[in-house]
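One structure is given here, and the rest of the page talks about it.
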Amino acid sequence: MLLLGLALAADPLPADPLPAPLDAPTEPPAFGRTVDQTLTDAITLRQRGDVDGARALLVAFESQVPAEALANYLYQRGICEEIDQAPTAALAFYEQVIALTAEQAGAGVGLDAHFRRALVLEDLGQHEAALEEVLALDRVRGLSAEDEITVALQRGISELLTGKRARGIRRIQQALAATEGAATHEYLRAKARYHLARALLEEADALSLVGPERRVVKRLAGRALRIKAAEQQIIALAALQEPEWVLASLISLGDSYGRLATDLGASPPPKRLDEAQASIYRSEVAKKVENVRTKSFHAYDQGVALATRLAWESGRVATLKERRAAFDGQR
């Protein structure tokens, strides 16, 4: 059984229907198309980036959907809303699918709807509920090896988001190791690496640069090491060619460099220095602050450059442009 991995990564097109016997009645066509062909057309439109066109086709087809195809139809409606960043609307469609397929536990589009419900619950900030959904999926028997990796990646992400950091990181790393060099799960692997990078950056940001000199030096080294490790995750993430997660990671990286520059600039000189020495110290620190701020700008600028090259527009692109413009305004 290969359900979740396919649903998440590529949304498999419905199989072409078997030709009906010559004396059998045919289903009422939608725009001259069968049910499966219409759903296929909608999926194709969506995968080409025309979410509005896909939704319009599905809505026009709604009155012609037979009962046996309703779950698949509602599932495709949900995906359109999810991609269009309307998680509440998507959730309503997925819950209808789950209700319709309640007696088909562990198989079919109902299983995929459970997984995507976890994703939209996460988008809505309901991380505990999302984790519960994934844990339920993890208990389903008969999942394929690819589906097990899909669930493991999302479970690790959900654990990270609910504060189970060590457990989540360990689970993600194991799942990533199992897919090393494979051409599968690109979206979820990119998402997982983004969350690993973000966890590292959050750890870096939490290390205060106020206190005894020896402690500050140690914390500064700790921040540098964590930011470097996050950058390595982002490099691996970029190779997966999932623009939204690359853009999200560059926002987090730029923000972390910005916070480091601010904290470094606000860190007082060691108390053992006299006024002349403190003045020299502040001058040297100011140079380092400017260097770190430049790294922050470069992260935002790289994101904008990537979006421009791909002709990509999204909320994250707008954020990157705002961050870069704010940086320019401070120069």
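A short reminder: the numbers here are calculations on the coordinates, not readings from a lab. What you see is a predicted model; the values in this text were computed from it and never measured. Glycine gets a Cβ as well: all are built from the backbone with ideal geometry, and neighbour counts include every protein chain shown.
In percent, how large is the relative contact order of region 261-331, given Cα pairs closer than 8 Å and 6 or more residues apart?
That works out to 28 percent.
Gaussian network model of the chain, Cα springs within a sub-10 Å range: biggest mean-square fluctuation belongs to which of L273, L176, L74?
L273
Modelled label-to-label distance, E313 and R272, 7 Å Cα→beta-carbon offset: nm?
5.9 nm
Quick one: 3J(HN,Hα) in Hz for region 257-263, Karplus 6.51/-1.76/1.60 with θ = phi - 60°, rounded, Gly and Pro as x.
4, x, 5, 5, 4, 5, 5
For an R0 of 22 angstrom, estimate the FRET efficiency from the Cβ-Cβ distance between A221 and T262 and round to the nearest 0.05.
Efficiency computed from Cβ-Cβ geometry: 0.75.
Between K287 and D138, what FRET efficiency comes out of the Förster formula 1/(1 + (r/R0)^6) with R0 = 41 Å and r the beta carbon distance, rounded to 0.05?
0.20
Return the loop-located GluC sites (Glu not before Pro) in region 174-214 (DSSP other than H, G, I, E, B) with at most 10 other Cβ atoms within 10 Å of their own Cβ; answer none if there are none.
Sites meeting the loop and neighbour criteria: E180.
Mean separation of Cα pairs under 8 Å and 6+ residues apart, divided by the residue count of the chain: what relative contact order is that in percent?
11 percent
Select from H195, H185, H298 the residue whose mean-square fluctuation is largest in a Gaussian network model of the chain (Cα-Cα springs shorter than 10 Å).
Sorting by GNM fluctuation, first place goes to H298.
For the chain, what is the calculated [θ] at 222 nm in deg cm²/dmol (nearest 500), taking -39500 (n - 2.57) for each run of four or more DSSP H residues and dividing by its residue count?
-24000 deg cm²/dmol
Kindly express, to the nearest 10 degrees and within the range 0 to 90, the angle between helix 35-47's C-alpha long axis and the longest C-alpha principal axis of the chain.
The answer is roughly 20 degrees.
Between E213 and R165, take the C-beta separation as r, use R0 = 30 Å, and let me know the FRET efficiency to the nearest 0.05.
Computed FRET efficiency for E213 and R165 comes out at 0.55.
Round to the nearest 10 and give me the degree value, 0 to 90, for the angle of helix 213-238's Cα axis relative to the longest principal axis of the chain.
That helix lies at roughly 30 degrees to the long axis.
Largest first and in whole Å, give the semi-axes of the chain's equivalent ellipsoid, each being the square root of 5 times a Cα gyration tensor eigenvalue.
They are 48, 22, 15 Å, listed from largest to smallest.
For the pair K228/A326, report the inter-label distance in nm, with labels modelled 7 Å from Cα in the Cβ direction.
About 2.9 nm, to one decimal.
Pick from G303, G110, G49 the residue whose mean-square fluctuation is largest in a GNM of the chain, springs joining Cα atoms under 10 Å.
Largest GNM mean-square fluctuation: G49.
Taking θ = phi - 60°, what integer Hz values does the Karplus form 6.51 cos²θ - 1.76 cosθ + 1.60 yield along region 125-133, in sequence order, with x for Gly and Pro?
Karplus-based 3J(HN,Hα) across region 125-133 equals x, 8, 5, 5, 5, 4, 5, 4, 5 Hz.
Give the lysines whose C-alpha is closer than 18 Å to that of K288, dropping any in the same chain fewer than 8 places away, or say none.
K218, K228
Could you tell me how many degrees, from 0 to 90 and to the nearest 10, lie between the Cα long axis of helix 108-123 and the main elongation axis, the longest principal axis, of the Cα atoms of the chain?
The two axes meet at around 30 degrees.
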